[in-house]
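Notes for the one structure printed next.
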Amino acid sequence: MIMALQGLHLYPFFIILLLLLSIIIIIPSYDCLQGDTLNHYLEEEEEGGGEAFGYDSQAYPSYFSPIEDGQFKDFIKLRSTNVLNLKIFDKVGSIPTSVKTVSVDDFRANSNDIDDAEAFQKAWVEACSSKGAVLVVPKNRYLVKPVRFSGPCKSNLTVRIYGTIEASDDRSDYEKDDRRHWLVFDQVQNLLVEGGGTIDGNGKIWWKNSCKVDKDLPCKDAPTALTFHKCQNLVVDNLKIQNAQQMHLSFQSSKDVQVSNLIVTSPKDSPNTDGIHVTHTQNIQITNSVIATGDDCISIASGSQNVQAMDITCGPGHGISIGSLGSGNSRAYVSGVTIDGAKLSGTSNGVRIKTWQGGSGIASNIKFQNIEMQNVSNPIIIDQYYCDNHKSCKEQRSAIQVKNVVYKNIKGTSASNVAIKFDCSKTYPCQGILMQDVILEREAGDHKAKALCNNVNLAEMGVVSPHCP
């Protein structure tokens, strides 16, 4: 009887203990459920499953709370991934104690060789197969045909470029394997490329034969100067890339990338010479770089997620662009882009989102902030009727959804009367666009800058000028 009473007395204690254990177990489980649902979304899209980009506010949380009476009830800070804090970069460039130095010059049969591609290829194979190596490109000039540096490598690898690598200007050299690339790092992990040297695409012959220069010529691809394809844990720092045949630097299907201290240049009339191109790449940060080219300073294409660009100087060129997206009725998706701290001068566009009619997908969770513009022709633009054809494009109902875009603390001057242009789709209007402390004035003349806004769901905070009508 006494034992039974003692058991009853202890019963509340066991109930409380069980409740505490339940809370301890449930809270971590809840945190796990709060993971980035967009990652799962991207995986489904890449596997071809799921609906055709039907937007579900529960599955893909907005930057904003629900809109009531056309205004934002609350403003929630952008969620972004600071890739500098990713631990993966701790091991990039950390070479084991027994470092093997491999010099390209060790494989040059003659310093006056017409082509050094073979020397680069042999040096790469030696370094890549070593357990801890630094591949050195000394302070010499090297003329190089197309080269592919393939991985995976045996361990972490550093490439130090001190000299100048110049591309062959014989277009037939690019016809054998791949016309679209010159220097390619393919499927390499834990790679550091640095050194302060120069990569010169020697692009004049390609520019002369571009259909954008000579309208009578057929449009053909030209090589990208430097490409990183399917690379992970990558650092690219302190390089000069110039005179690309077409794009200067491209990151394709890569992950966990840090880019800094680059100088990217080509003449302002060089066709299609994007400075830095990002496509199907996740977790990339671009910082402290100067880009002056004939096309977009930075272009962010489909499949890109968690892209940050900070402290960028841009001009001349076409500005900083997301897109183009959806060409040829294709499906496209971009999410989690932050441009924070940029100076644009004399560019044809400032910050731009451009999509083709007929495409499908979504471009969302985008922030442009702390940007100075001087004499920029189209400072802020969303163009869902983008058309880069000789002939006008046919109007189509399908379009890529553009939503949750913030423009914050953007100031400067417009070279045209229209400083802000939102030309959004009739069937897929732009949703959740926020303008906060945006002041753009006309560079010269008696006219004030104005805004043209079609099919856009817009809210304003702070001082905004010009206003959408």
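If R0 is 35 Å, what FRET efficiency do you get for Asn261 and Asp105 from their C-beta distance, rounded to 0.05? It would help to have the intermediate numbers written out before the result.
Working: r = 25 Å, r/R0 = 0.73.
My answer for the efficiency is 0.85.
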### Task
Go through 208-216, 309-317 and give me the packing order, highest mean Cβ count within 10 Å leading.
309-317, 208-216
### Query
Of Pro316, Tyr428, Asn409, which is farthest on the positive side of the dipole of region 310-469, counting Cα position, with +1 on Lys and Arg Cβ, -1 on Asp and Glu Cβ, and the Cα centre as origin?
Tyr428
#### Entry: Alpha-carbon Rg with Dmax, taken over region 262-393, Å
13.8, 39
### Task
Collect residues whose amide H, placed 1.01 Å from N in the peptide plane, falls under 5 Å from the amide H of Asn140; neighbours closer than 5 in sequence don't count.
Gly163, Thr164
#### Entry: Gain in span if fully extended, Asp311 to Ser98, counting 0.36 nm per residue against the direct Cα distance
73.0 nm
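Using the Kirkwood radius built from alpha carbon pairs, what does the Stokes-Einstein equation give as D for region 380-469 at 25 °C and 0.890 mPa s, in µm² per second?
D, rounded to a whole number, is 175 µm²/s.
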### Task
Mind putting a number on the dipole of region 277-407 about its Cα centre? Charges go on the C-beta only, +1 for Lys and Arg and -1 for Asp and Glu, and I need it in Debye to the nearest 20.
420
### Task
Take the alpha carbon atoms of region 401-467, find their center, do the same for region 291-349, and report the distance between the two centers in whole angstrom.
17
### Query
Pulled fully out, how much extra length does the chain show between Asn370 and Arg397, if you take 0.36 nm times their separation in residues and subtract their Cα-Cα distance?
6.2 nm
### Query
Do you know the relative contact order of region 112-261, to the nearest whole percent, from alpha carbon pairs under 8 angstrom that are 6+ apart?
21
### Query
Okay, which of region 158-186 sit inside 16 Å, backbone N to the point 7 Å along the Cα-Cβ direction of Asn209?
167-182
### Query
Once amide H atoms are placed 1.01 Å from N in the peptide plane, what residues at a sequence separation of 5 or more from Asn349, or on another chain, have their amide H within under 5 Å of its amide H?
Gly319, Ser377, Asn378
### Task
Lys and Arg at +1, Asp and Glu at -1: add these up for the other residues within a Cβ distance under 11 Å of Val456 and post the number.
+1
### Query
Given labels modelled 7 Å from the Cα in the Cβ direction, how far is it in nm from Asn389 to Asn140?
5.1
### Packing rank of 347-358, 431-442, 391-402, 224-235, where each peptide gets the mean count of other beta carbons within 10 Å, highest leading
347-358, 224-235, 431-442, 391-402
### Query
Given a 1.4 Å probe and every protein chain left where it sits, what share in percent of the accessible area of region 142-196 is carbon and sulfur?
38
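For region 323-469, with only Lys/Arg (+1) and Asp/Glu (-1) charged at the beta-carbon, what is the dipole magnitude about the Cα centre, in debye rounded to 20?
Numbers: 16 positive and 11 negative charges, 81 e Å.
I would put it at about 380 debye.
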### Task
Between beta-carbons, use under 12 Å as the cut-off and find the net charge around Ile286, counting Lys and Arg +1, Asp and Glu -1.
-3
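What's the ranking of 374-385, 195-206 by average number of surrounding C-beta atoms within 10 Å, highest first?
Taking the mean over residues of other Cβ atoms within 10 Å, the ranking is 374-385, 195-206.
The values are calculated or read from the model by the stated rules, or taken from the named source; none is laboratory data. Being a predicted model, the structure only gives us computed values, none of them experimental. When we count neighbours, we look across all protein chains shown, and the Cβ atoms used for this are built from the backbone with ideal geometry, even at glycine. Surface areas here come from the heavy atoms of the whole protein model, side chains and all, with no ligands, DNA or RNA. Shrake-Rupley method; radii C 1.70, N 1.55, O 1.52, S 1.80 Å.
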